[in-house]
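Structure first, commentary second.
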Amino acid sequence: MQTQNLNAAHSLYVLFETLSDETQQLFLQELVAKQLEKIDESAFYLACKDAKEENEFLTDSETQAFIDSLPQ
């Protein structure tokens, strides 16, 4: 099933590349607008994963600043 999903994802990307630049831009705008929360969560996950792999952890003050920056 994973191979099938990977092939489908690759095929969709190849199709995306065949679109005109304008259509690609419009598609990306709509994708981002409708999937922004998922994109933010994925970006946060990847940043955390990278930090863990590099043993880069926040200091106490950085942690507090991050918490304070979150919307309430």
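Every read-out reported here was derived from the displayed coordinates using simple, explicitly stated rules and does not represent laboratory data. Fair warning: this is a prediction, and the values are worked out from it, not measured in the lab. Positions of Cβ are generated from backbone atoms using ideal geometry, with glycine treated the same way; all protein chains shown enter the neighbour counts.
Numbers for the structure displayed
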read-out	value
Net charge contributed by nearby residues that have their C-beta within less than 15 Å of Thr23 (K/R +1, D/E -1)	-4
Label-point separation in nm, Asp50 to Phe66, each point 7 Å along Cα→Cβ	1.4 nm
Cleavage-rule hits, trypsin sites (Lys or Arg not before Pro), the chain, DSSP coil, Cβ neighbours within 10 Å at most 13	none
Anchor Lys34: aspartates and glutamates whose Cα lies under 18 Å away (excluding residues fewer than 8 positions away in-chain)	none
Charge dipole magnitude, Cβ of K and R +1, D and E -1 - the chain, Cα centre, debye nearest 20	360 debye
Cα-based convex hull, segment 2-69, per residue volume (Å³, whole number)	141 Å³
Dipole of segment 2-69, positive end: most advanced residue of Asn55, Ser11, Ala33 [Cβ charges, Cα centre]	Ser11
Label point 7 Å beyond Cα of Leu58 along Cβ direction - residues of segment 22-42 with amide nitrogen under 20 Å	37-42
